[in-house]
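Here, each number is a calculation from the coordinates, and none is a lab measurement. None of the values given here were measured: they were computed from a predicted structure. All Cβ positions, glycine included, derive from the backbone under ideal geometry; neighbour counts span all protein chains shown.
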Amino acid sequence: MKLAQIMNQPVLSIEPDVTLSDAIRVMEESGRGFLPVVQDGSVVGVVTGRDIVTKGIGHGMNPDESRVVNVMTAPARTVSCDLEAEDAAILMRLHRIRRLVAIGQKGEPVGVIALADLAGSMANEELSETLHLFAVPAGTYEIHSKQIPGLYTG
């Protein structure tokens with residue numbers, strides 16, 4: 001199954017110069033804890049509520065003055081919306097991430113894929129292996145590398 005069939009749309013995104021307070025407000029009002037960070041139409045990073053707390057506020061940043069660019073994860077892991085769901089699961093396992101941003105041909109964000117979105121499209125064994133990864137400490141689970149067309153970074 002292609003990611004285009006299961007990805008969450010429309011994409012709600014923010015710009016890197018938005019304050020942490022405004023980013024939290026957007027997350028709270030939309031019920032989302034993850035936002036792609038977009039500049040000039042392209043994804044330049046991602047930010048989560050946890051990023052804002054642990055990388056920003058937890059380090060003494062003033063949320064009314066500090067900007068998303070200071071706490072976002074960059075570059076973002078992005079994929080083509082034509083990627084197969086199984087390959088997206090492999091990428092999530094490899095990089096220990098729970099969400100990917102799907103991009104269009106011009107690099108614009110067109111959808112977000114969460115680990116939970118993949119659950120219905122994966123065989124039980126694949127799903128179990130992917131979920132198990134998030135239950136064990138980093139570095140204790142080995143995954144063999146696979147070439148995956150449609151993965152973009154940066």
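Annotations for the structure displayed:
- Stretchable slack from GLN5 to LYS106, in nm (0.36 nm times residue separation minus alpha-carbon distance): 34.4 nm
- Each of ASP40 and GLU65 was given a label point 7 Å from its Cα along the Cα-to-Cβ line. The distance between the two points is 2.9 nm.
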